Amino acid sequence: MGYRSLVAIVGAALLAAGPVAGSPAVGAAPPAIHGVVRLDQVGYAIGEAKRAFLLAEAPVGTPRFTVVDGAGRTVLSGRVGRRTGGWNGRYRAVHRIDFSALRRPGRYRIVVDGLAAASPAFRVATRHDLFGKLVDDTVRFFQVQRDGAQVPRRLDRRPSHLTDRHATVYATPVFEGDGGDVPAAPLRPVGGPVDVEGGWFDAGDFVKFTHATAYSVAELLLVQRGQHREDHALAAETRHGLRWLDKVWDERHKVLYAQVGLGTGSERFGFVGDHDVWRLPEADDALRVRPGDDEYFIKYRPVFRAAPPGARISPNLAGRVAAAFALGAQVEARRDHQRARALLRAAASVFAMARTTRVGELVTAYPHAYYPEDSGRTTWSSAPSSWRWPPGSCTTGGRRAGCEPPPTGQGHTWAARTARRSTCTTPAPWPTATWCWRCGASRGRPGSRSVLATSSATCGGSWRPAPGRPGASPSARRWT
């Protein structure tokens, strides 16, 4: 989930003592702009920030734009922002158009002076009107992708792959072939059994990937945390996903399982993979197979680790899984504090195992060609940004011992806010960095607890060192 970096451009001013030969006359049409306006096709909620982007073949300065309604009436006008960078080889200049002041529901278009075509039409409406059906459709989609025992009857689905409850762990496979997905050696068992029943199928097949599941869980939880807190179907789906992530993260042995099932089989080694057989998922459970049979790995699906037990984990995986757990802690804190604490501990423990130096090829799927990814920085750093607590979770008088850090909804004393002190007796392990925490305050009221990782040796401003972590004072078990 990377973002294009913004490039600052300084234009050269043309200074002249008098009129320049060939200058356009006053009132002449603006110069032609070759480009397009791109915007959110779903629409914009009434109170949210509203931005579109002019993608132009060359920088265009700051031309005027207008927002017009269905009758062609101008309802808002302004100036296009300066160039912020390029999009691709054709559209080398991207200019932001901010029309956040538009708050009246309706259908509109954006017209830019000098641009031949207006933008596509878009809506401004309430969040429910814009996103309600999309959320419902998304939940139904995930329901029919469920694996395991808890499968809704939608589309006449049946429980499937119950043998995943006692799955065998295999060594990391190696691949060959034109597509880079044909096993180059027999699968070698290294552990198990492990319970990886449940979760969701991947893109049209029955393989299950931690990489994709963690991302999906996090996205669903962001929606649930926002405007859909009382959506019971959405809540059931996020819990289903979190339960599976609980299974694939073995906190005790510090091992994360990255994948269940194998896409492509091998004629040379005598077995077929998931992509080689067209069938209903529940048919796999009915197979009568023994080790060595060509469909053995269809029923008894192999499990692959992201790294050996206790070894550092690819940062993209650690970040995504930690972010999903942390968001789950926020959402569950409103309903089940014990569950929220468990999820927060899981987030901290998996994040602590992230490999941050000499990473090598990122682990996404086996083979890597299924989900090629070459940068885990944004994903890894998304986990701390998910460790934010709802307003009121930082209190000035609460006291809690044995925290790592305090869970949502449970208060903790901060010396920066009160004269009292409290002690954390079981700080969690963290990766090498300076870890800092703080409680925000607004008009004297408790705000939200946040976490920050910094490459600096100390915590600045109102940030305080996390207990027992680099950057903390010698009295590492005291929050001061």
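A quick yes/no check of all residues on (1) assigned to a helix (DSSP H, G or I); (2) on the phi > 0 side of the Ramachandran plot; (3) of a type in the set (D, E, K, R):
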{"residue": "L256", "(1), (2), (3)": "no, no, no"}
{"residue": "H275", "(1), (2), (3)": "yes, no, no"}
{"residue": "E282", "(1), (2), (3)": "yes, no, yes"}
{"residue": "D293", "(1), (2), (3)": "no, no, yes"}
{"residue": "I298", "(1), (2), (3)": "yes, no, no"}
{"residue": "P309", "(1), (2), (3)": "no, no, no"}
{"residue": "R320", "(1), (2), (3)": "yes, no, yes"}
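Tally up the residues in the stretch 166-182 that are assigned to a strand (DSSP E or B), modelled with pLDDT under 95 and under 13 Å from L262 (Cβ atoms), please.
2
Out of the stretch 282-310, which residues are surrounded by 19 or more Cβ atoms within 10 Å (Cβ to Cβ) and in contact (Cβ under 8 Å) with a residue 40 or more places away in the chain?
Listed by number, the residues that qualify are D284, F297, Y300, R301, P302, V303, F304, R305, A306, A307.
Give me a count of the residues in the stretch 70-93 that are charged (D, E, K, R) and loosely packed, with under 15 Cβ neighbours inside 10 Å.
Qualifying residue count for the region: 3.
Find the residue count for the stretch 168-201, including only residues that are under 14 Å from W244 (Cα atoms) and either of a type outside the set (G, A, S) or touching a Pro at 6+ places or on another chain (Cβ under 9 Å) (or both).
Number of matching residues: 6.
Looking for something without any contact (Cβ under 8 Å) to a residue 12 or more places away in the chain and among the polar types (S, T, N, Q) - is there at least one such residue anywhere in the stretch 352-360?
For the stretch 352-360, residues without any contact (Cβ under 8 Å) to a residue 12 or more places away in the chain and among the polar types (S, T, N, Q): present.
What is the residue count in the stretch 130-150 for residues that are outside any strand (DSSP E or B) and touching a strand residue (DSSP E or B) at 6+ places or on another chain (Cβ under 7 Å)?
Of the residues in that region, 4 qualify.
Is it the case, given these coordinates, that T163 is of a type outside the set (G, A, S), surrounded by 13 or more Cβ atoms within 10 Å (Cβ to Cβ) and assigned to a helix (DSSP H, G or I)?
Answer is yes for this residue.
Among the residues of the stretch 242-290, how many are out of contact with any strand residue (DSSP E or B) (no Cβ under 7 Å at 6 or more places or on another chain) and either of a type in the set (G, A, S) or not assigned by TED's automatic domain parsing to the domain that holds A185 (or both)?
Residues flagged as out of contact with any strand residue (DSSP E or B) (no Cβ under 7 Å at 6 or more places or on another chain) and either of a type in the set (G, A, S) or not assigned by TED's automatic domain parsing to the domain that holds A185 (or both) within the stretch 242-290 amount to 5.
For the stretch 91-121, what are the residues that are aromatic (F, W, Y) and out of contact with any Lys or Arg (no Cβ under 7 Å at 6 or more places or on another chain)?
Y91, Y108 - these are the residues of the stretch 91-121 that are aromatic (F, W, Y) and out of contact with any Lys or Arg (no Cβ under 7 Å at 6 or more places or on another chain).
The values are calculated or read from the model by the stated rules, or taken from the named source; none is laboratory data. Just so we're clear, the structure is a prediction, and the values are computed from it rather than from any experiment. Neighbour counts are summed over all protein chains in view; Cβ atoms, including those assigned to glycine, are modelled from backbone coordinates with ideal geometry.
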